[in-house]
Amino acid sequence: MLNEVAQSGEAHRGKMKRTPGNVQLIETLGGALPTEVVALPIVHANRTIGILYGDNAEHRAPIDSMTGLEIFLSQAGYAFSNAVFAGRRAGK
């Protein structure tokens, strides 16, 4: 799932497919199976530079609205772009 989000730059929300990579992720996170997951990309220059992952494995309740978090991550990508630009400009 994380690879798909990284490659597409698109968020994932919903069920997690049972794949070797996803099984390894869940085992690494403690083994509790979630009923819903979210994976939100942080994008810079049309490239995924990070992914915020969350699930409901602990409480199994539906995940609430992600709108505020999606806006925050969009701003994080924008801030990263500004930092890269400032770093390149300072290096000239």
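The values are calculated or read from the model by the stated rules, or taken from the named source; none is laboratory data. Model, not experiment: these values are computed from the prediction. Cβ sites come from the backbone with ideal geometry, for glycine too, and all protein chains shown count toward neighbours. Accessible surface is based on the protein model in full, side chains and every heavy atom, while ligands, DNA and RNA are left aside. Shrake-Rupley method; radii C 1.70, N 1.55, O 1.52, S 1.80 Å.
Values for this structure:
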item	result
Number of the condition not met by ALA32 [criteria: (1) touching a helix residue (DSSP H, G or I) at 6+ places or on another chain (Cβ under 8 Å); (2) closer than 20 Å to GLU4 by Cα]	(2)
Candidates ALA39, ALA79, ALA57 - the one that is open to solvent by less than 60 Å² (accessible area, probe 1.4 Å) and without any contact (Cβ under 8 Å) to a residue 12 or more places away in the chain	ALA79
